[in-house]
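Peer 1: Below you'll find the structure I mean.
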Amino acid sequence: MATLRLTSTCGNFLLIWALEMAKARVLQPFAYISVVTSAVSGFLFFADPVTVANLTGGGIDIAAELLTFRRERVQAHAATA
């Protein structure tokens, strides 16, 4: 239980630190990566089968993250040009 509290506290501090350094609209899509990590850890540790819904959700999450990354990169490039 103490390990859970410690990792949760560290995670919250890292989130606050990240929000101070970047805009929330850039960081938010990465919060959805938990769908992918939950499916992978469920498969690896609990032999939970990966379903079509897991794969679809993971694909949507990864696509959203890549599009956000690309958009921010294009906007940063346009601002410096």
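Peer 1: Against the definition (of a type in the set (D, E, K, R) and either touching a Phe, Trp or Tyr at 6+ places or on another chain (Cβ under 9 Å) or surrounded by 10 or more Cβ atoms within 10 Å (Cβ to Cβ) (or both)), how does residue 20 come out, yes or no? Before you say what the answer is, go through the steps one by one.
Peer 2: Numbers: of a type in the set (D, E, K, R): yes; either touching a Phe, Trp or Tyr at 6+ places or on another chain (Cβ under 9 Å) or surrounded by 10 or more Cβ atoms within 10 Å (Cβ to Cβ) (or both): no.
No: the conditions fail for residue 20.
Peer 1: Tell me, which helices (runs of 4 or more DSSP H) lie completely within the range 1-58 with 1 or more residues that are modelled with pLDDT of 85 or more?
Peer 2: It comes to 2-21, 34-46.
Peer 1: Looking at this structure, is residue 72 exposed (fewer than 13 other Cβ atoms within 10 Å of the Cβ), out of contact with any Phe, Trp or Tyr (no Cβ under 7 Å at 6 or more places or on another chain) and in a helix (DSSP H, G or I)?
Peer 2: On the way: exposed (fewer than 13 other Cβ atoms within 10 Å of the Cβ): no; out of contact with any Phe, Trp or Tyr (no Cβ under 7 Å at 6 or more places or on another chain): yes; in a helix (DSSP H, G or I): yes.
No.
Peer 1: Sticking with this structure for a sec: For the range 35-56, name all the residues that are within 26 Å of residue 73 (Cβ to Cβ) and open to solvent by less than 60 Å² (accessible area, probe 1.4 Å).
Peer 2: Within the range 35-56, just 36 meets the criteria.
The values are calculated or read from the model by the stated rules, or taken from the named source; none is laboratory data. What you see is a predicted model; the values in this text were computed from it and never measured. When we count neighbours, we look across all protein chains shown, and the Cβ atoms used for this are built from the backbone with ideal geometry, even at glycine. SASA here: full protein model, heavy atoms, side chains in, ligands and nucleic acids out. Shrake-Rupley method; radii C 1.70, N 1.55, O 1.52, S 1.80 Å.
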